[in-house]
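Every number here is computed from the coordinates shown, using simple stated rules; none is lab data. Only a predicted model underlies this, so the values are computations on that prediction, with no experimental measurement involved. A quick note on method: Cβ atoms are made from the backbone with ideal geometry, for glycine too, and the neighbour counts reach across all protein chains shown.
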Amino acid sequence: MLPIVNHSGKGLQRLGFCLTSLLLCCLLSPAPALALNDAQQLVVESWRLVNQSYVDPSSFDSIHWKRLRQKALEKTIESSEQAYSAIEAMLEPLDDPYTRLLRPDDYSVMKSSNSGSLSGVGLQLGHHNDETSVVVIAALEGSPAADAGVVSGTSLLAVNGEPTALLGLEATAARLRGDIGTQVLLTLQSPIGETTEITLERRNVDLRPVRTRRLRSDAHTLGHLRITQFSEGVPKQVQEALQELSDKGVEGVVLDLRNNSGGLVSGGLAVADAFLDEEPIVETRNREGIADPIQANPSTLYDGPMVTLVNTGTASASEILAGALQDNDRSLLLGSPTFGKGLIQTLTNLSDGSGLAVTVAGYVTPSGRDIQGLGITPDRLLDEPEPLNPGGEGDRWLTDAARVLEAIIDRQNSDTPSSAETEIEQEASSTA
């Protein structure tokens, strides 16, 4: 039975009022939010990580950062590849080549490299001053690229005919990897502007990030400690290497950071701690502008005489180490100016196995030098051309470094400069 309705005017007015109120409530209530699919969640996750930690949030307003997320989600994103493209488009206006997405394969390779293993042609790549061209930071020792004589500062113009300016850094690196035994064509431009093409065959590269040997002369026995990157096991390996050299009675150490493009910042800090005694290592500055000085612990693993070799392939964490040694007067730097990467990134696992690198801080050396885009100038410049086989036969720079170190040892053992020291200082003044 239907309810009885009062047909009086007041009853109809009350009914109309109720219906109107109900309609307004429906119109004013927020619509239920649509659930994001996994691919869309990946975009939101990446945006949130950058939003929370990027070193320069003041740049967000000028690029309409919040709008970039909205624009990304307005597109059809139903697959991982669509999500990756959306994330890359979202990050591009930041104009920071170091804040970037790493697809699962690229991320896996980077983690393998940080653990000390790598396959491919053995090129460590980066951006230089214009932050668009892809340049060779270093060719790994014993790699196909090193065997072919590819030197630091070489521009990589194309891979198999694809321009690297269009590929970008990560895609370029991905093109260089492939099955062992396959070949890849590189178009290169030397630091002096000569363009060439070379074909390299991919193979496993034994990184061996820490290597040592003794350098003997008629008067002295020295140690050569070469570090090619700061991967996970490097601090422990350096500790063992210094102990081994000490057991062999070396009088001084040549620390060789040539073509060390960095790696784990924690590794660079740990190695600096091995040579410094409660002295400042570096000062980082985060997005709030807060300075965080990092200081070495009491005592050292090695406190004897040393000199350090650097070149244009010395970058990032190895520049932190070199800058700390120079600013604390712990070691002379010899060689050529370093690369100039004064930014620090974090690397975060994303939910689908990809990774996100975000620039979270800048750093300055203990004396307050910001080296981003500038590099570190050695105390003494060594004669060009630079040897192409650091630590190998005929390495003139290593010979020069050994002579400088011998002069330092002789000076410590005598009140007057030795003839070797005088000769080296004269030679240095002509090349600086």
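Order of 343-356, 135-148 by packing, highest average Cβ count within 10 Å first? Walk me through the numbers on the way to the answer.
On the way: 343-356: 16.7, 135-148: 22.2.
Peptide ranking by packing, descending: 135-148, 343-356.
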Which value in nm describes the separation of the simple spin-label points at Q41 and S85, placed 7 Å from the Cα toward the beta carbon? 2.3 nm
Hey, with R₀ at 45 Å, roughly what FRET efficiency would T399 and L185 work out to, going by the Cβ-Cβ distance, to 0.05? 0.80
In straight Cα distance, which aspartates and glutamates are under 12 Å from K71, not counting same-chain residues fewer than 8 positions off? none
Between Q52 and E278, what FRET efficiency follows from the Cβ-Cβ distance if R0 is 35 Å, with the result rounded to 0.05? 0.55
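Jot down the per residue volume, in cubic angstrom and as a whole number, of the convex hull over the alpha-carbon atoms of the range 120-205. Before the final figure, lay out each step's value.
Values: hull volume 6.7 nm³, N = 86.
Cα-based convex hull of the range 120-205, divided per residue, equals 78 Å³.
With Cβ to Cβ distances under 12 Å as the rule, what net charge do the other residues near D277 carry (K, R +1; D, E -1)? Don't jump to the answer; show the numbers that get you there.
On the way: positive: R330; negative: D273, E278, E279, D303.
Result for the local shell: -3.
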Given H placed 1.01 Å from N in the peptide plane, which residues other than close sequence neighbours of A138 have an amide H under 5 Å from its amide H? Q124
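Taking every eigenvalue of the Cα gyration tensor of the range 38-95, multiplying by 5 and rooting it, what semi-axes result, largest first, whole Å? Can you show the working numbers first?
Details: eigenvalues 78, 24, 16 Å².
Equivalent ellipsoid semi-axes, largest first: 20, 11, 9 Å.
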Cut-off under 21 Å on the C-alpha distance; same-chain residues fewer than 8 positions from K111 excluded. Which lysines are left, in chain and number order? K236, K341
Can you return the lysines within cross-link range of K75? Criterion is Cα-Cα under 24 Å, with same-chain partners fewer than 8 residues away left out. K66
Between K75 and E240, the FRET efficiency computed from the C-beta separation at R0 = 41 Å comes out, to the nearest 0.05, as 0.20
Taking the Cβ of T359 as the center, what net charge do the other residues with Cβ under 10 Å away carry, scoring Lys and Arg +1 and Asp and Glu -1? 0
Between A165 and N286, what is the label-to-label distance in nm when each label sits 7 Å out along the Cα-to-Cβ direction? 3.9 nm
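Note the full-extension length gain between N297 and D147 as 0.36 nm times their separation in residues minus their Cα-Cα distance, in nm to one decimal.
Numbers: separation 150, 0.36 × 150 = 54.00 nm, distance 4.00 nm.
50.0 nm is the gain from fully extending N297 to D147.
What do you get when you divide the Cα radius of gyration of the range 58-217 by 2.2 N^0.38 Å, with N the number of residues?
On the way: Rg = 18.3 Å, N = 160, 2.2 N^0.38 = 15.1 Å.
Normalised by 2.2 N^0.38 Å, the Cα Rg of the range 58-217 equals 1.21.
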Cα gyration tensor shape for the range 132-181, rounded if a/c is under 1.5, else prolate or oblate: oblate
Quick check on packing: order 271-284, 159-172 by the mean number of other C-beta atoms within 10 Å, highest mean leading. 271-284, 159-172
